[in-house]
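Enquirer: Got a structure for you, questions after.
The values are calculated or read from the model by the stated rules, or taken from the named source; none is laboratory data. No experiment lies behind these values; they were computed from the predicted model shown. Here the Cβ positions follow ideal geometry from the backbone for every residue, glycine too, while neighbour counts run over all protein chains shown. Just so you know, the surface numbers come from the protein's heavy atoms only, side chains and all, with ligands and any DNA or RNA stripped out. Shrake-Rupley method; radii C 1.70, N 1.55, O 1.52, S 1.80 Å.
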Amino acid sequence: MSSKTLNDEFNSLCNSKEYKVDYDLLNALSHEGLRKKDYIEICRRLKRPPNRTELGMFGVMWSEHCCYRNSKPLLQSFPTKSTRILVGPGENAGVVDLGFGQQLAFKIESHNHPSALEPFQGAATGVGGILRDIFTMGARPIALLNALRFGPLEDKKNINLMKGVVSGIAHYGNCVGVPTIGGEVNFDKSYSGNPLVNAMALGLMETKEIVCSGASGVGYPVIYVGSTTGRDGMGGASFASAELTNTSLEDRPAVQVGDPFLEKGLIEACLEAFKSGDVIAAQDMGAAGLTCSCSEMAAKGGLGIELNLDYVPAREEGMSAYEFLLSESQERMLFVVKPGKEKVLMERFTRRGLQVAVVGKVLKDNVVRVLHKGNIAADLPASALADDTPVNKHKLLDEPPDEYLLNWKWDENQLPQADYSGIRIESNQNSDIISWNKILLKLLDYPSIASKLWVYNQYDQQVQANTVILPGLADAAVIRLRPQEGDKSIESMNRGVAAVVDCPNRWAYLDPERGAMAAVAESARNLTCVGAEPIAITNNLNFASPETSIGYWQLAMACKGISKACEVLKTPVTGGNVSLYNETRLSNGELLPIHPTPVIGMVGIIDNLTNTCLQGWLNKDDYIWLVGLPLDTSFKDDRLTLSASSYLECIHQKITGRPPIIDLELEKLVQSFVRKSIHDGYINSCHDVSDGGLAVALAECCIFSGLGAHCEFSGSDLRLDRLLFAEGGARILMSISSEKEDKWLEMFNEFNNINSGLLNVTKIGRVNDLNTLVFSKDKNKLIDISIATLKDSFYNSIPRRISNNKISSS
C-alpha cells in the first residue's frame, strides 16, 4: 500500500461516524510502537476502534519482540524435525529426547535493550526470564550459559556496562542456585551503545508429560502464582522493539527488577505442582506480562481466557487496567488447573511465601476478556493478539549490497610482504618490522581472543555439583546427567550433556550467510572436541533494523546460512529469539547498527563422560596432529583465508575481505572422525582451530596445560602469516600418545577408505616440557615464546584494560 493510499484510508477511518475515533488514542499510536496501518487493521478486526487499554495490548503483542512480524517468514525455513525433537519452535522452550527416560529443555533469549540502560537489572532479569522458560515446561534448570557483546574496553562506559552485566548475571544465577558453565564474550565498536546480552538455559526433565501452554477445559480456573504486579517493566516488549536513542533513559521503567530468591521458591513450587498432574497449562509472564500469557494460552488452546484484575496480587495502589496488563514485573506465572485442585495447589505456593490467586477462567469463545472494577476493560479476539498477527513484507535484494561486493574484492596480495623475521607494518608514516612473536602475543592480548577468566570467575560454576568441565578448559561446557528422580541406576551410565554458544560476528558482518553457517559449524565442532554428538540448536538472531534494505538482507542471508548448516549437520532448530532494532541513534542523528550477530546455542549428548577431552595438552612427548584442511591449503582455496580474520583486524586494523566458505560436508566428516577417535580412547586433548588461526590454537593448548610444543613445517610457498593465522572451518588439533599413534592411523585409513579418501590428517609437532612454544618452517624459527609470556598476554588482557582505565580516569 502506498503512503498516499494508506493516509487516505486512515483519514477516512478517522472521519467515519461508525468508528467514532478518539484523537487522543491516535496520538498514543507511536507510544505503543504502532503505525497507521496497524490501527486500520485493528479497527477492521474489531469492527470498532480499540480503547486505550486494548491499544496497549495490541502494541506489545504486535511488536517484533512478541510476534516476529519482520522475521516470521524467514524463520519458517529452519529445519525443525528429527527423531530426538519432542517439542520444537512455538513453546516456551525446545525439548529433545536424551534417551533412558530423560529429556532436555533448552532455549536462548536476549535482554539487550534493558541491559543497555540498566546493566545489572537488565542482565539479571534476562537470566530469570530464561530460567522461567525452562521450568515452565516442567524441567529443572541445571545450567546457564551466556553470549555477551560490548564495545571496546578502552572506553570507560563499555567497562561499566560489562561490569554491570556480568554482576547481574552472577547475582541472579548464583542466588537461584543454577551454575553458569560456559559462554562467549566479544568486543567491537558497533556494540558501544547497544551491548548484547543473550542468556541460555538447560533443564532436565524425567516426566512422560511435558507441560505446554495451550489452555484447555472450558470453565477451568486460571491461577496466578509468584510475585506481585507493579509498574516496573511497563511496555518492555515495545521498548525492546525500537532503536536506542539518547533519550532512552526516559524508558527506565521498562527495565524490570528481579528477585532470584523468590524465583528459587517459584521453581520448587512449580515443579511440585507439575508433578501432581493438576496443572493443565502453564505460561511464564515474560515480555508483555499478563497480556501475553493470557492471549498465548487462549490462542494455542483455541479457547478463551477471562481475567479479573481485581484479584491480581498488586504491589502498588491505584493501578489501572493498562498498567496491570502491560507490567513486566518478574517471577510471575499463569496456570490453568483442574477444578477442585485449587486449594491444594495454592498451599504449595503460599508455604513458600509466594503470591497465588484464582484470577479467571477458561472460556469457550476464543477471546481475551479482561474485567476491572466491575467493568470490561478489554474484550479482544485471542488469535488477533497472539496468532494471526501482522507480517511486515520486505523486498529482498537480488544482489549483495555494493559495500559488501567492495569488501569481497580484498585479497591477501594487498598485505605487505612477510619473511621469517616478521611483517612490515606501515603506521604514522613509519615502517616497522613486527616479529611473529609480537604478533602472536598481540593476538592473545586481543580481548575477543584473550581469556575471559575475569568474567566467569564471578559465576558459581559448580553449584548442584554436576559440572564436569569448568569454563575455559575445553571447547564446550559439560554437565553430568544425574537423575532427578526415577531410575537411579542410569547414574552409573555416566552420561552427560555438552553445551556451547557461538557466533563469529565479524564474519557475519562481512558475509551474513557464511558467518551464520560458520556459527553452526563451529558450535558443532566445539561439541565434537569434548566428545559430544551435536543434536539440536536454539538461536538468538541479534540484528539492526529490518526496515532498511541492507538490514533485511543481512537477516535473510543469516537465516539461509543457519538453515543450510543445520540441514547438513543434522542439528534442527528447536526455537530461539529474534532481537531486532539493535542500533543506537547518536546525538547527530546518525544510526550506529550492531554487527549482525546470529548466536547459536547448541547441545550434544555424551554417552560416557570418561571419553571427554580438554583443550590443553595432557602428556609430554605426545604427537600433535591437525585434522581437516591441511596447512598447505592453496591461496585460491577460499575455505581457508586471512580475509575477515582476527589477524587482519588486530594487526592491520582492517575489517574487510570475504570470510571463508564453510565446507559443510568436510566439516561433518572431520567431526565424525574426531568423535570416533575420542570415543575409541585414542585422543588425549582436542581443540578446534578458529579465531587467530593455528598459532593461537597452539598457544592456547600450551597455556591451558603448562606444557610446551615444537611444531615444524616444510615446503610450500604460502605466505607465512597465512600459515600461522589464516582462519577457516573443519580444522581440529589433537594430541596422541606415541604408543597409540599406529593404531589410530590404522583406524584413520579404514575411516578414510570408507569416505573416499576425503579426509586429511597432518602430524605437525610434539608436546614437550620445555615451557616454550616453538613453530618453525624449513628449520627457521617463526615463533619462540615462553609459556609464561603467553599466559601473561592471554590472562591479563581484560584485567589490564580495566586497571588502565581506572588509572587514566583518576
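Enquirer: Filter the stretch 340-377 for residues that are of a type in the set (G, A, S) and in contact with a Leu (Cβ under 7 Å, 6 or more places away or on another chain); which is nearest to V60 (Cα to Cα)?
Expert: Pass one, the stretch 340-377, residues of a type in the set (G, A, S): 340, 353, 357, 360, 374, 377.
Subset that is in contact with a Leu (Cβ under 7 Å, 6 or more places away or on another chain): 360, 377.
On the way: G360: 21, A377: 17 Å.
The selected residue is A377.
Enquirer: Shifting gears a bit: Mind listing whichever residues of the stretch 353-371 are open to solvent by less than 10 Å² (accessible area, probe 1.4 Å) and over 34 Å from the mean Cα position of the chain (by Cα)?
Expert: Matches in the stretch 353-371: V359, V362, V370.
Enquirer: A follow-up question, please. I need the full set of residues from the stretch 188-210 which are open to solvent by 20 Å² or more (accessible area, probe 1.4 Å) and among the hydrophobic types (A, V, I, L, M, F, W, C), in order please.
Expert: Hit for the stretch 188-210 is I210, nothing else.
Enquirer: May I pose another question? How about the stretch 301-352: which of its residues are part of a loop (DSSP other than H, G, I, E, B) and open to solvent by less than 60 Å² (accessible area, probe 1.4 Å)?
Expert: Across the stretch 301-352, the qualifying residues are G302, L303, V312, P313, M319, S320, S327, E328, S329, Q330, E331.
Enquirer: Then there's this: How many of the residues in the stretch 106-136 are open to solvent by 10 Å² or more (accessible area, probe 1.4 Å), part of a helix (DSSP H, G or I) and either aliphatic (A, V, I, L, M) or over 19 Å from R332 (Cα atoms) (or both)?
Expert: 4
Enquirer: Can you say whether A418 is closer than 28 Å to G715 by Cβ, surrounded by 15 or more Cβ atoms within 10 Å (Cβ to Cβ) and touching a helix residue (DSSP H, G or I) at 6+ places or on another chain (Cβ under 7 Å), as far as the supplied structure shows?
Expert: Against the criterion (closer than 28 Å to G715 by Cβ, surrounded by 15 or more Cβ atoms within 10 Å (Cβ to Cβ) and touching a helix residue (DSSP H, G or I) at 6+ places or on another chain (Cβ under 7 Å)), A418 qualifies.
Enquirer: So, one more: Considering only residues of the stretch 475-491 that are basic (K, R) and not in a loop (DSSP other than H, G, I, E, B), which is modelled with the highest pLDDT?
Expert: Here is the first cut: in the stretch 475-491, the residues basic (K, R) are 480, 482, 488.
Filter once more, so that each one left must be not in a loop (DSSP other than H, G, I, E, B): 480, 488.
Details: R480: 96, K488: 64.
Looking at residues that are basic (K, R) and not in a loop (DSSP other than H, G, I, E, B), I get R480.
Enquirer: Suppose the filter is open to solvent by less than 10 Å² (accessible area, probe 1.4 Å) and either out of contact with any Pro (no Cβ under 9 Å at 6 or more places or on another chain) or acidic (D, E) (or both); does A143 pass it? If you could, list the steps in order and put the result at the bottom.
Expert: Numbers: open to solvent by less than 10 Å² (accessible area, probe 1.4 Å): yes; either out of contact with any Pro (no Cβ under 9 Å at 6 or more places or on another chain) or acidic (D, E) (or both): no.
In short, no.
Enquirer: Any idea which residue in the stretch 673-720 is least open to solvent (accessible area, probe 1.4 Å), counting only those that are modelled with pLDDT under 95 and of a type in the set (D, E)?
Expert: Checking each candidate, the answer is E712.
Enquirer: Looking at L629, L592, can you tell me which residue is over 30 Å from T762 (Cα atoms) and in contact with a strand residue (DSSP E or B) (Cβ under 7 Å, 6 or more places away or on another chain)?
Expert: L592
Enquirer: Can you report the number of residues in the stretch 40-90 which are surrounded by fewer than 16 Cβ atoms within 10 Å (Cβ to Cβ) and either aromatic (F, W, Y) or touching a His at 6+ places or on another chain (Cβ under 6 Å) (or both)?
Expert: Matching residues across the stretch 40-90 total 0.
Enquirer: Could you check the stretch 666-703 and list, in sequence order, the residues that are part of a loop (DSSP other than H, G, I, E, B) and over 28 Å from the mean Cα position of the chain (by Cα)?
Expert: Of everything in the stretch 666-703, those that are part of a loop (DSSP other than H, G, I, E, B) and over 28 Å from the mean Cα position of the chain (by Cα) turn out to be D680, G681, Y682.
Enquirer: Quick one: would you say S451 is open to solvent by 40 Å² or more (accessible area, probe 1.4 Å) and either under 25 Å from K791 (Cα atoms) or hydrophobic (A, V, I, L, M, F, W, C) (or both)? Give the derivation first.
Expert: Details: open to solvent by 40 Å² or more (accessible area, probe 1.4 Å): no; either under 25 Å from K791 (Cα atoms) or hydrophobic (A, V, I, L, M, F, W, C) (or both): yes.
The answer is no for S451.
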